[in-house]
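See structure below.
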Amino acid sequence: MYKTQSFKIRRVPLVVEVTRDKRYLFNNIKENPKTSALKVTRSIELELGKIVHAECVRKVLQKSGYNGRSVKRIKPRISDVNRTERLKFGRKYENEEHSFCDKVLSTDETKVNLLQSDG
């Protein structure tokens, strides 16, 4: 008849118990918030020598208020240097006559082909 093979399943602990491990985890995430849970588990294995499941890392981070969504970047649409340059340009030509605007070519950096296409 057929022989069945028995495989030993490697059991991975699903709990991060020690506060030192949690502290290491939080410091690692604070250092780089976009680090994935798998990379954090690998760094725990290498640095601390403990085997931890990635799902456990996710659960511990979620319980402490971290989530997988990244924070929206809040930045101005125009940099301060560009804003001051635009103001200088506007103030320089503020008192020009209306006919002056007919001589100025303004563009929005859109490429327009009049005769042929480039492709």
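The values are calculated or read from the model by the stated rules, or taken from the named source; none is laboratory data. Fair warning: this is a prediction, and the values are worked out from it, not measured in the lab. Methodologically, a virtual Cβ is constructed for each residue, glycine included, from the backbone with ideal geometry; neighbour enumeration extends over all protein chains shown. The area values use the complete protein model at the heavy-atom level, side chains included, leaving out ligands, DNA and RNA. Shrake-Rupley method; radii C 1.70, N 1.55, O 1.52, S 1.80 Å.
Taking the range 25-55 as the range and being of a type in the set (A, V, I, L, M, F, W, C) and either under 16 Å from N67 (Cβ atoms) or open to solvent by 30 Å² or more (accessible area, probe 1.4 Å) (or both) as the test, the residues that pass are L25, F26, I29, A37, L38, V40, L46, L48, I51, A54. Residues in the range 77-119 that are among the aliphatic types (A, V, I, L, M), open to solvent by less than 100 Å² (accessible area, probe 1.4 Å) and modelled with pLDDT under 80: 1 in all. Selection of the range 83-119 for residues being of a type in the set (K, R) and assigned to a helix (DSSP H, G or I) yields R83, R86, K88, R91, K92, K103.
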